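Notes for the one structure printed next.
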Amino acid sequence: MTVESTAASKPRRSAGTKSAASAGAKRTSPAAKKSPGTTGAEPELVQLLTPEGKRVKDATYDPYVADITPEELRGLYRDMVLTRRFDAEATSLQRQGELGLWASLLGQEAAQIGSGRATREDDYVFPTYREHGVAWCRGVDPTNLLGMFRGVNNGGWDPNSNNFHLYTIVIGSQTLHATGYAMGVAKDGADSAVIAYFGDGASSQGDVAESFTFSAVYNAPVVFFCQNNQWAISEPTEKQTRVPLYQRAQGFGFPGVRVDGNDVLACLAVTKWALERARRGEGPTLVEAYTYRMGAHTTSDDPTKYRADEERESWEAKDPILRLRTYLEASNHADEGFFAELEAESEALGKRVREVVRAMPDPDHFAIFENVYADGHALVDEERAQFAAYQASFADAGEGK
């Protein structure tokens with residue numbers, strides 16, 4: 001394969017581009033599947049690729065990836081590898097003082113790449129602040145994601161250029177934005193769809209419940225994609241809900257389905273199903289991608305204080321990248337030359353990320369005091385003066401040496 005960066009280009013056509021309708025797909029509501037429990041054995045979920053890298057069949061969702069080619073499979077693998085490398089570089093840069101904070105996606109690559117590649121160019125995506133893999137799929141240059149975390153801009157890209165909204169820090173609020181946008185899409189008579197990303201922690205927010213209500217009542221063409229990485233910072237999912245998250249959709253009157261979030265093929269198929277359903281005017285769907293946050297919630301967090309090592313180790317065996325590589329090798333869809341070339345591309349991406357970030361300006365420490373009030377405020381002026389004195393104290397200390 002040719003070593004090149006696709007991050008700044010338009011999104012590639014989704015893997016498996018043929019419509020499932022044209023393939024004669026049988027559409028069975030996921031709500032009819034047996035409901036998994038929240039504790040004990042592994043929950044029942046949609047899976048097309050086992051943790052051991054074996055392909056398994058699913059009558060409902062196989063048609064959505066039936067025509068996927070070896071080249072497209074290698075593309076999914078490449079997406080996950082490069083996204084993980086970018087994420088690792090960003091984490092290192094934060095530890096080196098180049099970024100103020102970083103929210104890692106480690107372990108969630110399959111959920112993001114699978115769902116991201118299921119979208120069409122005319123679909124609109126509303127992310128949270130961890131969807132670096134989805135941004136990659138939408139053609140956003142990964143270095144543009146880093147300016148906000150360095151404090152030099154409020155986003156770094158034009159949302160309308162890639163139909164990918166700016167990152168949202170307020171937990172769950174983007175689901176309301178997505179619902180309103182989807183209602184507008186429906187009124188315009190367009191056949192595009194909207195997808196909103198959020199986590200298991202955000203699923204407890206009132207904004208999310210309100211989004212479910214409005215999207216159901218107005219039959220909005222929106223897919224709610226919940227990445228259940230099982231930890232809302234230090235709070236496990238079972239402390240938030242007595243039922244599996246996907247079952248919440250039933251109470252609002254639309255389907256919910258749980259998918260293996262470490263299986264890129266299953267995430268691709270289920271998201272394609274949900275998006276096609278939305279485009280046909282059948283309303284919203286809740287997709288719960290059951291995955292695991294391998295790293296910290298952000299670089300300001302220490303997960304060893306609330307998670308057991310054994311838990312992480314058990315999920316390392318379900319690594320989404322390793323399972324697809326195993327499948328590619330067993331199926332003779334990729335050779336050592338492919339993996340070696342991808343490693344070189346990964347190194348080049350890491351080098352470019354480091355160079356771009358280190359060339360960024362330092363953030364303006366006083367920008368936080370601007371635009372707080374339209375006409376200014378005495379308290380803000382006082383706080384600005386106090387901060388200026390605090391900053392000056394470092395210079396004074398240096399001069400005293």
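The values are calculated or read from the model by the stated rules, or taken from the named source; none is laboratory data. No experiment lies behind these values; they were computed from the predicted model shown. All Cβ positions, even for glycine, are placed from backbone atoms using ideal geometry, and neighbour counts span all protein chains on display. What goes into the accessible areas is simple: the full protein's heavy atoms, side chains included, and nothing from ligands, DNA or RNA. Shrake-Rupley method; radii C 1.70, N 1.55, O 1.52, S 1.80 Å.
Between GLU44, GLU52, GLU310, where does the largest GNM mean-square fluctuation fall for the chain, given springs only between Cα atoms within less than 10 Å?
GLU310
What accessible surface, in Å², does a 1.4 Å probe find on TRP157, ignoring ligands, DNA and RNA and rounding to the nearest 10?
30 Å²
Assign one of three labels to segment 130-249, namely rounded, prolate or oblate, based on the Cα gyration tensor with a ≥ b ≥ c the square roots of its eigenvalues; rounded applies when a/c is under 1.5, prolate when it is not and a/b is larger than b/c, and oblate otherwise.
Details: a/c = 2.17, a/b = 1.11, b/c = 1.95.
Cα axes put segment 130-249 in the oblate bin.
Leaving out ligands, DNA and RNA, and with a 1.4 Å probe, what % of the accessible surface on the chain is carbon or sulfur?
Working: 9100 of 17800 Å².
So the carbon and sulfur contribution to the accessible surface is 51 percent.
Once the convex hull of the alpha carbons of segment 83-141 is built, what does its volume come to per residue, in cubic angstrom?
Value for segment 83-141: 78 Å³ per residue.
What are the semi-axes of the equivalent ellipsoid for segment 119-192, taken as the square roots of 5 times the Cα gyration tensor eigenvalues, largest first, in whole Å?
Taking √(5λ) for each Cα gyration eigenvalue gives 23, 14, 9 Å.
Could you do me a favour and compute the accessible area per residue for segment 301-401, 1.4 Å probe, result in Å²?
On the way: 6800 Å² over 101 residues.
Value returned for segment 301-401: 67 Å² of accessible area per residue.
Any idea what the dipole of the chain comes to, in debye rounded to 20, about its Cα centre with Lys/Arg Cβ at +1 and Asp/Glu Cβ at -1?
On the way: 43 positive and 57 negative charges, 284 e Å.
Approximately 1360 debye in magnitude.
May I ask for the distance between the Cα centers of segment 322-393 and segment 59-130, given as a whole number of Å?
16 Å
Okay, helix-only estimate at 222 nm for the chain: each DSSP H run of n ≥ 4 adds -39500 (n - 2.57), divide by all residues, round to 500 deg cm²/dmol; what do you get?
Working: 13 runs with 165 residues, N = 401.
For the chain, the value works out to -13000 deg cm²/dmol.
Using a 1.4 Å probe and counting only protein heavy atoms, arrange THR271, THR213 so the residue with the most accessible area comes first. Let's see the in-between values first.
Values: THR271 0, THR213 60 Å².
Accessible-area ranking of THR271, THR213, largest first: THR213, THR271.
Using Cα-Cα distances under 8 Å and only pairs 6 or more residues apart, what relative contact order does segment 37-151 have, in percent? Walk me through the intermediate numbers first.
Numbers: 84 pairs, mean separation 26.0, N = 115.
Rounded, it is 23 percent for segment 37-151.
When only Cα pairs under 8 Å and 6 or more residues apart are kept, what is the percent relative contact order across segment 94-181?
On the way: 105 pairs, mean separation 27.8, N = 88.
That works out to 32 percent.
When the dipole is taken about the Cα centre of segment 194-285, and only Lys, Arg (+1) and Asp, Glu (-1) are charged at their Cβ, what size is it in debye, to the nearest 20?
Values: 8 positive and 9 negative charges, 52 e Å.
Dipole size: approximately 240 debye.
If the convex hull of the alpha-carbon atoms of the chain is projected onto planes in all directions, what is the mean projected area in square nanometres? Could you put the intermediate results ahead of the total?
Values: hull surface 91.1 nm².
Average projection, Cα convex hull of the chain: 22.8 nm².
How much length is gained if the chain between VAL56 and HIS365 is pulled fully straight, taking 0.36 nm per residue apart and subtracting their Cα-Cα distance, in nm to one decimal?
Working: separation 309, 0.36 × 309 = 111.24 nm, distance 5.36 nm.
Gain on stretching VAL56 to HIS365: 105.9 nm.
Give, rounded to the nearest 20 debye, the magnitude of the charge dipole that segment 74-196 has about its Cα centre when Lys and Arg contribute +1 at Cβ and Asp and Glu contribute -1 at Cβ. Spell out each step's value before the answer.
On the way: 11 positive and 13 negative charges, 68 e Å.
So the dipole magnitude of segment 74-196 works out to roughly 320 debye.
Sum up the lysine pairs in the chain that clear both bars: alpha-carbon distance under 14 Å and a spacing of 8 or more or different chains. Walk me through the numbers before you get to the answer.
Numbers: LYS18/LYS272; LYS26/LYS57; LYS26/LYS272; LYS54/LYS318.
For the chain, the number of qualifying lysine pairs is 4.
Among GLY253, MET360, TRP315, whose Cα sits farthest toward the positive end of the charge dipole of segment 238-373 (+1 at Cβ of Lys/Arg, -1 at Cβ of Asp/Glu, about the Cα centre)?
My answer, from the dipole projection, is GLY253.
If ligands, DNA and RNA are left out, what is the accessible area of ASP335 with a 1.4 Å probe, given in Å² to the nearest 10?
Its heavy atoms expose roughly 100 Å² to the probe.
What fraction, in whole percent, of alpha-carbon pairs in segment 242-314 exceed 19 Å separation?
Values: 1358 of 2628 pairs.
Counting every Cα pair in segment 242-314, those more than 19 Å apart make up 52 percent.
Sticking to Cα atoms, compute the Rg of segment 302-401 to one decimal and its Dmax as the biggest Cα-Cα distance, whole number, in Å.
25.4, 69
Work from the charge dipole of segment 126-237 (Cβ charges, +1 for Lys and Arg, -1 for Asp and Glu, about the Cα centre) and give the residue of PHE164, VAL185, SER234 farthest towards its positive end.
PHE164
Heads up, I need the accessible area for GLU98: 1.4 angstrom probe, whole protein in place, Å², nearest 10.
Solvent-accessible area, nearest 10 Å²: 50 Å².
Under the 0.36 nm per residue contour assumption, what length would be gained going from the current alpha-carbon distance of GLU382 and ARG280 to full extension?
On the way: separation 102, 0.36 × 102 = 36.72 nm, distance 5.62 nm.
This chain segment gains 31.1 nm when fully extended.
Take LEU328, LEU379, LEU106 and sort them by solvent-accessible surface of the protein heavy atoms, 1.4 Å probe, largest at the top. Intermediate values should be presented prior to the final figure.
On the way: LEU328 0, LEU379 90, LEU106 50 Å².
Descending accessible area places them as LEU379, LEU106, LEU328.
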